[in-house]
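The values are calculated or read from the model by the stated rules, or taken from the named source; none is laboratory data. Model, not experiment: these values are computed from the prediction. Positions of Cβ are backbone-derived with ideal geometry, glycine not excepted, and every protein chain shown enters the neighbour counts. The area values use the complete protein model at the heavy-atom level, side chains included, leaving out ligands, DNA and RNA. Shrake-Rupley method; radii C 1.70, N 1.55, O 1.52, S 1.80 Å.
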Protein chains: 2
Amino acid sequence: MEKKHLSDIEIAQAAEIRHINTIAAKLNLNEDHLEHYGKYKAKLPLSLLNEEKIKESNLILVSAMTPTPAGEGKTTTSIGLTEGMNKIGKKTVAVLREPSLGPVFGIKGGAAGGGYSQVIPMEDINLHFTGDFSAIEKANNLLSALIDNNIQSKTNNLNIDPRTIVWKRVMDMNDRSLRQITIGLGGTANGVPREDGFNITPASEVMAILCMAESFTDLKERLGNIFIGYTFDKQPVFAKDLKAENAMAILLKDAIKPNMVQTLEGNPAIIHGGPFANIAQGTNTVIATKMGLSLADYVVTEAGFGADLGAEKFLNIKCVSAGLKPKAVVIVATIRALRHHGGAKSEEYNTPSVERVEKGFANLSKHIENIQKFGISPVVAINAFPSDTQEEIQLIQEKCQDYKVKAVVANGWAEGGAGMTNLAEAVVDAANADDNEFKPLYDWKKPIQEKIETIAKEIYGADSVDFSKKATLQMKRMEKLGFDQMPICMAKTQKSLSDNESLHGRPEGFEVSVREFEFAAGAGFIIPILGQMMRMPGLPAVPASEGMSIDDDGVISGLS
Amino acid sequence: MEKKHLSDIEIAQAAEIRHINTIAAKLNLNEDHLEHYGKYKAKLPLSLLNEEKIKESNLILVSAMTPTPAGEGKTTTSIGLTEGMNKIGKKTVAVLREPSLGPVFGIKGGAAGGGYSQVIPMEDINLHFTGDFSAIEKANNLLSALIDNNIQSKTNNLNIDPRTIVWKRVMDMNDRSLRQITIGLGGTANGVPREDGFNITPASEVMAILCMAESFTDLKERLGNIFIGYTFDKQPVFAKDLKAENAMAILLKDAIKPNMVQTLEGNPAIIHGGPFANIAQGTNTVIATKMGLSLADYVVTEAGFGADLGAEKFLNIKCVSAGLKPKAVVIVATIRALRHHGGAKSEEYNTPSVERVEKGFANLSKHIENIQKFGISPVVAINAFPSDTQEEIQLIQEKCQDYKVKAVVANGWAEGGAGMTNLAEAVVDAANADDNEFKPLYDWKKPIQEKIETIAKEIYGADSVDFSKKATLQMKRMEKLGFDQMPICMAKTQKSLSDNESLHGRPEGFEVSVREFEFAAGAGFIIPILGQMMRMPGLPAVPASEGMSIDDDGVISGLS
């Protein structure tokens, strides 16, 4: 098909884009309900939340098998599924994460779906959008400025030990030179020298907090609870000790409101919040999810990386925190990823091989079993690629049948909603099945060690968990501070079910190692660190920015 | 009057705010012309610019005498004058600078006018507004990331000498700890170590460029011309050498469009761009000024600090660059500032003294003479304060009469437009006077030294100018690079007509010293540095952020 050769931005720019009022009308909203950001974006006021409707509507999570580096198309599948659901007459809204701006100028393409399953206007969504990331960045950095100002200040001084500060500045930019810096140089007027560093904005705890908060009051409380470091007397210092939470919340007064845009086929999509999926929850805001449930009968949402990370955190953290009960889970698989887990090298991903796919199914089967542990029988979406063969697809469908799971070919990338009606039917059936009853995997009240062991053994398939000396000490400290009853937000490689990225398929007989902990007291997570976590990407030797252009009418090209 | 005891934010929040469509209608715009940002803000597309109408409409500049630290109320007077002009039947729009967010959390109040002469919604205007500052910050910092990435990179390397880089990162935050930092620490993966620092965002040359640009093409060209530093072979390096200008312009695709809001009395105001008034031009964008002239019969605009800085730069740089011919200039004076220049200490500012006011008039008279050198006879606005006496006011009015200049009491702060109709009548008369014919003070083509001497002698009243060895060397280098035909953007204290901030009134017999130069090759300025310039403010011991709060409905208090 000729149209397949168009780039994402060409498809997006060629699409007929409707005024956002037209999209809102599909959810029975009129223009007075909206806060417009131009003609094609709008913020939704929190007054539209409807607790009754939230309980009645159906929440569908799109997750994935353990991905190859390119990703398996969760966002594309989520958007395509939304098109398909609307095509079969189900009032459905996609609720997705906002992409980070920094990586757009590096290597990666945008994060607004792909092919004929995209949300538009894609340039805006991939750039400043409605300013949420910028507001989060400012709130984060205001706290940093207040910390350094307090260290400098003679009155009002909290006696913070600069060597213990864990709160970093953030910038939504791929900028490796800011990873490790010294600040406060140049004499007494310029602050107190100390080591610091910048993370990229989606790695900010303020982002994680915004995505957990259910109201302004909740937001302020969580912001106040951010842990900063210790005093010279070894007392913990929180953002509320700097009276920072109100000013930070003021900076977030608009960022807290979900953003509405449209899919290529003119269906509504809500895009709001984008926390890191390794050190944070990797899913959109609770408020956006509830907004979608308030306005539509079905919400299709997604969570970062494979189901061992994204779905596990979504179900154990977000759903429990917000009282959400998902009705169905879609696991996105690709024949390419199955070949990968069956032993194919990256240059062999497009080479058909029934043997490799059969072997690679071990990975998918573990994710299926995992989702079933939450009381939900998943649907598998085979995100179609040109190199897929009928034999490979049929094999996966048969093997899924052994788990009483439907595996449906998803053609959203090439065909939009028309290629997704089969999946939509399967998802609606799953959501309405009587035997689906969501239950979390662990009780937040259990000891930290027990919660981590549960995830490692039940989800990853580990035999045991090793805690370093440092980790053991930190667990004791968290218990002493009374923060042990928070859920676990695992920081683990997404490339393997284990914590060793070179173990593909379904690893067995391994031990997981907790090196140390981080602690997001505001967001409400305990974060066991299982490996090196990247928080500030760099630019490649030839940055994508070099190939971008904008003409006199403001039309952009080279943004992918 | 009871109402005077309300704070600015209380007055602003109590005001009846109209939908921006209603405001736009006053300029014959319908809602399709607007890009809404919520109900009360909108961006105006560049297609509304009308070159014919720009030539016909009247441009009014509001400047000031040499100010006291509190400022003499240029913005308040500009807004009040706009109300007054509309009250007497003149279709007038205020065109103002956007305030910087950082200082809001420090000491200073907002920058949206005061009392009953404000633009609203003031919380939004003083916070993120429509995201322009954030976009400028990103464009600035993308260039920084590209520079450090290039230094790190083996392919594509431009051989930049890191010790020569003058391009700094920016953040819209009062954060003294970022003034002087070292970046690129932590080993080979984290960049190349070098000294760096952050300025506050309005000090970015990207801001200066946005405010000079007349179109997308012009914007890109100016961005490409940003001077970064030198190679190890001592060759100059520009942003275009990093192919940065398109990506930077993409980040500014919405920021280039002017923002419309409303005054308290429901008149239109355009707020767009806010460059520093010491190291840059200190006035709103050329595009905003031209937009105002395209849509209304009168534009009231302002420029930072006293007329020796703001008006001089406005007239010699902005008007010449953009081909604008201002029809009238208002010089804002206060009896307080006249007392100050007559010898009053700050605790005596509110103590009436005809003697001090008479002595202080020397300062105002110099500004009057200066404006007359541009071919325009100014109008003096006496921004009223409760401590003013009738004798003091009358004295000033008589003394102005000697210059054939009207001095009109301006009551905009207390009374809004009703207190500004006299000034409005005087301004309309001045704009329509036959003998006003704007001419710039110098020819851009003259040698750098001559241009600086012209400003120092004609405007400041200096006897001579001393150039340091470094400055002389730098002038030669600029001539060699062919950048000597740019206008001069003086960086001088605003507290005195001279470069010595302790000399009040009308200093005479002094020498001005040019220590060194900066060079804004993109904006198109040569910047002689006459003193220490602050580019990154700090927070006070008790930051304003501590007194702010936001309730569950998102209503803010404590923002001033």
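Distances from B:Lys469 to itself in the other copies, using label points 7 Å out along the Cα-Cβ axis, amount to 5.8 nm in increasing order.
Here the accessible area of the protein assembly as shown is 48 percent carbon and sulfur, with a 1.4 angstrom probe and all protein chains present. Roughly how many Å is it from the Cα centre of the range B:272-287 to that of the range B:83-125, as a whole number? The range B:272-287 and the range B:83-125 have Cα centres spaced 15 Å from each other.
Using packing as a proxy for protection, rank A:531-541, A:298-308 so that the peptide with the highest average count of other Cβ atoms within 10 Å comes first.
A:298-308, A:531-541
With a Förster radius of 41 Å applied to the C-beta separation of A:Lys91 and B:Lys446, the computed FRET efficiency comes to 0.05. Once you reduce the range B:422-469 and the range A:209-233 to the center of their Cα atoms, the two points are 54 Å from each other. Computed over the range B:133-251, relative contact order equals 30 percent, with contacts defined as Cα pairs under 8 Å that lie 6+ residues apart.
Students often get this wrong: which residues of the range B:473-510 have the backbone nitrogen under 12 Å from the point 7 angstrom along Cα-to-C-beta of B:Glu516? Residues B:474 fall inside that zone.
Reported to the nearest whole Å, the Cα centre-to-centre distance from the range A:501-532 to the range B:487-507 is 60.
Return an integer: the convex hull volume of the alpha-carbon atoms of the range B:518-560, in Å³ per residue.
Normalising the Cα hull of the range B:518-560 by residue number yields 144 Å³.
Across the range B:388-479, C-alpha contacts under 8 Å between residues 6 or more apart give a mean separation that, scaled by the residue count, equals a relative contact order of 12 percent. Remark: mean inter-chain Cβ contacts per residue of B:29-35 equal 2, using a 10 Å Cβ-Cβ cutoff to other protein chain atoms. For the range B:245-350, the set of trypsin sites (Lys or Arg not before Pro) satisfying both a DSSP loop assignment and a count of at most 11 other C-beta atoms within 10 Å is given as B:Lys345. Label points for A:Pro440 are taken 7 Å from Cα along Cα→Cβ. From this copy to the others they lie 6.7 nm apart, shortest first.
For B:Ala541 paired with A:Thr351, estimate the spin-label separation in nm (one decimal), with each label point 7 Å from Cα along the Cα-to-Cβ line. Taking the simple label geometry, B:Ala541 and A:Thr351 are separated by 7.3 nm. The value given for chain B is a Kirkwood hydrodynamic radius of 24.0 Å, derived from the mean inverse Cα-Cα separation. Farthest towards the positive end of the charge dipole of chain B, among the residues B:Gly38, B:Leu539, B:Ser346, is the Cα of B:Leu539, using unit charges on the Cβ of Lys, Arg, Asp and Glu.
Counted over all Cα-Cα pairs of the protein assembly as shown, pairs farther apart than 55 Å make up 20 percent. Interface area, chains B and A: about 6400 Å² of buried accessible surface, summed, with a 1.4 Å probe and ligands, DNA and RNA left out. Peptide A:123-135 has a mean shielding of 4, counted as Cβ atoms of other protein chains within 10 Å of each residue's Cβ. Please figure out what share of the DSSP beta bridges in the protein assembly as shown is antiparallel and state it in percent, rounded to the nearest 5. If we restrict to bridges inside the protein assembly as shown, about 45 percent are antiparallel. Using bins of 10 Å that start at zero, the share of Cα-Cα pairs per bin across the range B:1-84 amounts to 13, 29, 37, 19, 2, in whole %. Dipole magnitude for chain A: about 1360 debye, using +1 per Lys or Arg Cβ and -1 per Asp or Glu Cβ, origin at the Cα centre.
Summarise the partner chain shielding of A:536-547 as one whole number: the mean count of Cβ atoms from other chains within 10 Å of each residue's Cβ.
Averaged over the peptide's residues, the number is 6.
The residues of chain A have, on average, 34 Å² of accessible surface per residue, using a 1.4 Å probe with all protein chains present. Full extension of the chain segment joining A:Lys55 with A:Thr188 gains 42.1 nm, where the gain is 0.36 nm per residue of separation less the Cα-Cα distance. Tell me whether the range B:133-251 comes out rounded, prolate or oblate; compute the Cα gyration tensor, take square roots of the eigenvalues as a ≥ b ≥ c, and use a/c under 1.5 as the rounded threshold. Cα axes put the range B:133-251 in the oblate bin. Here the peptides B:168-175, A:11-18, A:47-54 are ranked by packing, the mean other Cβ count within 10 Å, and the order with the highest first is B:168-175, A:11-18, A:47-54.
With q set to 0.17, 0.19, 0.22 Å⁻¹, the log10 of I(q)/I(0) for the range B:204-315, from the Debye formula over equal scatterers at the Cα positions, is -0.88, -1.02, -1.20. Between copies, the label points at A:Lys480 (set 7 angstrom from Cα along Cα-to-Cβ) are spaced 6.4 nm, reported in nanometres from shortest to longest.
Using only alpha carbons, the range B:278-436 has a radius of gyration to Kirkwood radius ratio (Rg to Rh) of 0.97. Across chain A, C-alpha contacts under 8 Å between residues 6 or more apart give a mean separation that, scaled by the residue count, equals a relative contact order of 21 percent.
Using 1/(1 + (r/R0)^6) with R0 = 25 angstrom and r between the beta carbons of A:Glu437 and A:Asn28, what's the FRET efficiency to the nearest 0.05?
0.25
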